[in-house]
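J.: Take this structure first; my questions come after.
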Amino acid sequence: TRFNWMRRPSGVLFSVWETRVQDYEVFVKETKRPWPKPDFVQEPAHPAVMMTHDEAKLFCAWLTEKDRSTGKIGPHETYRLPSDHEWSCAIGIGDKENAIMPPRAKGTKLSDLFPWGSTWPPPANSGNFWSEELRPLLTTKAFKLVGSELSGYRDGHATTAPVGSYAANDLGLHDLGGNVWEWCADWMDDEQKQWVVRGGSWAYNGR
């Protein structure tokens, strides 16, 4: 999940990659919060997973106070989750959507537009999605819920990949497509039953 967002008077700055295991681990140790582990091995530079939306917001608040106390950010700067529209701007489609529409209503308005271009399936190494490297693991208990596939696609990683493993977009941001789903600050709609997640994941194959 991409947590490191900083509000400044001039606008919003984005983390260039998803929050790493080694970053979130410091938060967990200092706050003594439980942190369940996934059913696969991760290294320090892999994206942090297995936290709730509330925990993502708590991480942002903790990091804000930590960096204010050391002077890394000013007293009026904060880390937070992005809005759904800010995430769209980060991926390069902010000008193609109606920013005031709820996220669920915007979900099917654009077609054949992907982080890597307009082709489907994605070219090899476009990002960390369902790939042939995952296929040998599908027979194990831990991966029994991964039932679909993106046949023929290869990205070099069966599960999560170190952040920044694939090319950045035009704004210099990595992994906005694939690796892990990313929490946003908005509800999907007015029913307020589901928070927005964006970007797909290593186990995802959806167009």
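The values are calculated or read from the model by the stated rules, or taken from the named source; none is laboratory data. Keep in mind it's a predicted model, so treat the numbers as computed, not measured. Cβ sites come from the backbone with ideal geometry, for glycine too, and all protein chains shown count toward neighbours. Note: accessible area is taken over every heavy atom of the protein model, side chains too, but ligands, DNA and RNA are not part of it. Shrake-Rupley method; radii C 1.70, N 1.55, O 1.52, S 1.80 Å.
J.: Tell me, please, whether a residue that is surrounded by 12 or more Cβ atoms within 10 Å (Cβ to Cβ) and on the phi > 0 side of the Ramachandran plot can be found in segment 58-78.
T.: Checked segment 58-78: no residue is surrounded by 12 or more Cβ atoms within 10 Å (Cβ to Cβ) and on the phi > 0 side of the Ramachandran plot.
J.: Restricting to segment 37-70, what's the tally of residues that are under 15 Å from Val21 (Cα atoms) and not in a loop (DSSP other than H, G, I, E, B)?
T.: 6
J.: Only one residue in Thr119, Thr160 is touching a Phe, Trp or Tyr at 6+ places or on another chain (Cβ under 8 Å) and in a loop (DSSP other than H, G, I, E, B), so which one is that?
T.: Selected residue: Thr160, the only one of Thr119, Thr160 that is touching a Phe, Trp or Tyr at 6+ places or on another chain (Cβ under 8 Å) and in a loop (DSSP other than H, G, I, E, B).
J.: Can you find, within segment 57-82, the residue that is farthest from Trp187 (Cα to Cα) among those that are in contact with a helix residue (DSSP H, G or I) (Cβ under 9 Å, 6 or more places away or on another chain) and of a type in the set (Lys, Arg)?
T.: Within segment 57-82, the match that is farthest from Trp187 (Cα to Cα) is Lys72.
J.: Across segment 17-32, which residue is most open to solvent (accessible area, probe 1.4 Å) among those that are free of Cβ contacts under 8 Å to residues at least 24 places away in the same chain and not polar (S, T, N, Q)?
T.: Of the residues in segment 17-32, the ones free of Cβ contacts under 8 Å to residues at least 24 places away in the same chain are 22, 25-26, 28-29, 32.
Those still in the list that are not polar (S, T, N, Q) too: 25-26, 28-29, 32.
Values: Glu25: 69, Val26: 59, Val28: 22, Lys29: 141, Lys32: 169 Å².
So, considering only residues that are free of Cβ contacts under 8 Å to residues at least 24 places away in the same chain and not polar (S, T, N, Q), the one most open to solvent (accessible area, probe 1.4 Å) is Lys32.
J.: Residues to consider are Trp87, Trp130; find the one that is under 19 Å from the mean Cα position of the chain (by Cα), part of a helix (DSSP H, G or I) and in contact (Cβ under 8 Å) with a residue 60 or more places away in the chain.
T.: Trp87
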